[in-house]
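Novice: Please find one structure pasted underneath; my questions will follow.
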Amino acid sequence: MQRVAANLLKGIGLGIFIATGLTAWVLIVRSVAGTAPFARLHTSLGDVVSGYYLGGITGGSLIGICWPLKRWPIGYVILAILGVLPFYVFAPGGESSHRFLNSQNLATSLLGAFFVGGAVGIWAWTDDHPNGPSWLDILRYPRSRTVAFLWVGASLVAGTAWYLVPMWSSQWPFLLVVFAAGVLFIVPLMTALLVTFRFKKGQARAK
């Protein structure tokens, strides 16, 4: 029970830390641009800040409760998605804060949390585990042929998506189109680009 409480406090502390960082950023926006950006979104500085802290505490609590999932790579991804999701749900503030459980807001929040949280979770896991498993080390310490293979594969997947998604998605919901474009176009190309950066960084160190 003590471990559960410690994990919960750890998660909430992390959520408050992130909310404070976001608040610092939005205060800079407020001092530079005034109230116009908030008025356009039908919200206010107070609503946004309260949304950040509500999202931080909620997300931090979810992370703390599910902290044991860190023993697996996919657990890192799940924890990051759970931590990011409440920020998307609660951050709008203003008029939308009274309707944060509507289907449109939840769908948009899940989409954003999937991409952002997924990327953060993968980054956190690789940072905590600098070696292994072998299949990931291939991407972490790539050779030139790995980079070439990734670019060929990413180009084929992205090119196919570029051609087929517009053809098939005329009747799809907008969020499904965005999700398909992200998974089939952005993810493959970004993976190839990040592995290329790792390869270039390794070459620079070798010199």
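The values are calculated or read from the model by the stated rules, or taken from the named source; none is laboratory data. Because the structure is a prediction, the values reported are computed rather than measured. Heads up, the Cβs are rebuilt from the backbone with ideal geometry, glycines too, and the neighbour counts pull from every protein chain shown.
Novice: It is to be established whether one or more residues within the range 177-184 are among the aromatic types (Phe, Trp, Tyr) and either over 19 Å from ILE122 (Cα atoms) or free of Cβ contacts under 8 Å to residues at least 24 places away in the same chain (or both).
Specialist: Taking the range 177-184 first, the residues among the aromatic types (Phe, Trp, Tyr) are 179.
In the following step, the residues that additionally are either over 19 Å from ILE122 (Cα atoms) or free of Cβ contacts under 8 Å to residues at least 24 places away in the same chain (or both) were identified as none.
Within the range 177-184, not a single residue is among the aromatic types (Phe, Trp, Tyr) and either over 19 Å from ILE122 (Cα atoms) or free of Cβ contacts under 8 Å to residues at least 24 places away in the same chain (or both).
Novice: For TRP72, only one of the following conditions fails: (1) surrounded by 13 or more Cβ atoms within 10 Å (Cβ to Cβ); (2) without any contact (Cβ under 8 Å) to a residue 60 or more places away in the chain; (3) under 24 Å from LEU110 (Cα atoms). What is its number?
Specialist: TRP72 satisfies all of (1) surrounded by 13 or more Cβ atoms within 10 Å (Cβ to Cβ); (2) without any contact (Cβ under 8 Å) to a residue 60 or more places away in the chain; (3) under 24 Å from LEU110 (Cα atoms) except (1).
Novice: Looking at GLY51, is it at pLDDT below 90 and on the phi > 0 side of the Ramachandran plot?
Specialist: Numbers: at pLDDT below 90: yes; on the phi > 0 side of the Ramachandran plot: no.
Here the answer is no, as GLY51 does not meet what is asked.
Novice: Filter the range 81-112 for residues that are under 17 Å from ILE16 (Cα atoms) and in contact with a Phe, Trp or Tyr (Cβ under 8 Å, 6 or more places away or on another chain); which is modelled with the highest pLDDT?
Specialist: Across the range 81-112, the extreme among qualifying residues is ILE81.
Novice: Within the range 21-45, can you find the residues that are among the small types (Gly, Ala, Ser), within 18 Å of PHE90 (Cα to Cα) and modelled with pLDDT under 85?
Specialist: Within the range 21-45, the first condition is being among the small types (Gly, Ala, Ser), and the residues that meet it are 21, 24, 31, 33-34, 36, 39, 44.
Now narrow it down to the ones that are within 18 Å of PHE90 (Cα to Cα): 21, 24, 39, 44.
Passing the criteria: ALA39, SER44.
Novice: If you don't mind, another one. Among what's in the range 140-175 and is hydroxyl-bearing (Ser, Thr, Tyr) and surrounded by 11 or more Cβ atoms within 10 Å (Cβ to Cβ), pick the residue that is nearest to PHE199 (Cα to Cα). Don't jump to the end; show me each part of the working.
Specialist: Of the residues in the range 140-175, the ones hydroxyl-bearing (Ser, Thr, Tyr) are 141, 144, 146, 155, 160, 163, 169-170.
So of that shortlist, the ones also surrounded by 11 or more Cβ atoms within 10 Å (Cβ to Cβ) come out as 141, 146, 155, 160, 169.
On the way: TYR141: 7, THR146: 9, SER155: 18, THR160: 26, SER169: 36 Å.
Step by step, filter the range 140-175, then rank; the result is TYR141.
Novice: A follow-up question, please. Considering each of PHE149, PHE115 in turn, give the residue that is out of contact with any helix residue (DSSP H, G or I) (no Cβ under 9 Å at 6 or more places or on another chain) and at pLDDT 80 or above.
Specialist: Working: PHE115 fails: out of contact with any helix residue (DSSP H, G or I) (no Cβ under 9 Å at 6 or more places or on another chain).
Being out of contact with any helix residue (DSSP H, G or I) (no Cβ under 9 Å at 6 or more places or on another chain) and at pLDDT 80 or above holds for just one of PHE149, PHE115, which is PHE149.
Novice: Of all residues in the range 14-43 being assigned to a helix (DSSP H, G or I) and in contact with a Gly (Cβ under 7 Å, 6 or more places away or on another chain), which is surrounded by the most Cβ atoms within 10 Å (Cβ to Cβ)?
Specialist: So in the range 14-43, the residues assigned to a helix (DSSP H, G or I) come out as 14-33, 36-40.
Going one step further and asking which of them are in contact with a Gly (Cβ under 7 Å, 6 or more places away or on another chain), we end up with 14-16, 18-19.
Details: LEU14: 16, GLY15: 26, ILE16: 15, ILE18: 19, ALA19: 24.
Checked the range 14-43; the qualifying residue surrounded by the most Cβ atoms within 10 Å (Cβ to Cβ) is GLY15.
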